[in-house]
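Following: one structure in structure tokens, then a few remarks.
The values are calculated or read from the model by the stated rules, or taken from the named source; none is laboratory data. This is a predicted model, so every value here is computed, not measured. A quick note on method: Cβ atoms are made from the backbone with ideal geometry, for glycine too, and the neighbour counts reach across all protein chains shown.
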Amino acid sequence: MSFDILNLALDIAVVAVTLAVVLCGWRLLRGPQITDRVLALDTLYMNVVALVVLLGIRWNTALLFEAALLVAMLGFVATVALARYLSRGDVVE
């Protein structure tokens, strides 16, 4: 019984996070300012990490957790680099 509830909860969560990814993609493409696009990109990679973790739980594989860790690290570095570029004009001093 609890296994069916877990599958239902995972399905609902995957649909919700997929909807969030679509909405972040829309804001990334249609953002009126560059700061809106940077925030959409930051939120997009966090949603992708959540989606990969949910799929890793659903498919019962550890490989997707490592992929989520890599996406999180690369997304963080990319967000910091983009923020420094927009605020200072260069990434490396």
Checklist entry - Looking at region 22-50, which of the residues that are crowded, with 16+ Cβ neighbours inside 10 Å and of a type in the set (Val, Ile, Thr) is nearest to ALA62 (Cα to Cα)? => result VAL49
Checklist entry - Within the bounds of region 62-69, is there any residue that is surrounded by 12 or more Cβ atoms within 10 Å (Cβ to Cβ), more than 16 Å from LEU10 (Cβ to Cβ), touching a residue at least 12 places away in the same chain (Cβ under 8 Å) and under 16 Å from the mean Cα position of the chain (by Cα)? => result yes
Item to check | From the options GLY31, GLY25, GLY56, GLY75, residue that is of a type in the set (Gly, Ala, Ser) and modelled with pLDDT under 90 | outcome: GLY31
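So that you can scan it fast, the table gives a plain yes or no per residue for (1) in contact with a helix residue (DSSP H, G or I) (Cβ under 7 Å, 6 or more places away or on another chain); (2) in contact (Cβ under 8 Å) with a residue 40 or more places away in the chain; (3) β-branched (Val, Ile, Thr); (4) more than 20 Å from ASN7 (Cα to Cα):
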{"residue": "PRO32", "(1), (2), (3), (4)": "no, no, no, yes"}
{"residue": "ASP42", "(1), (2), (3), (4)": "yes, no, no, yes"}
{"residue": "TYR45", "(1), (2), (3), (4)": "yes, no, no, yes"}
{"residue": "THR79", "(1), (2), (3), (4)": "yes, yes, yes, yes"}
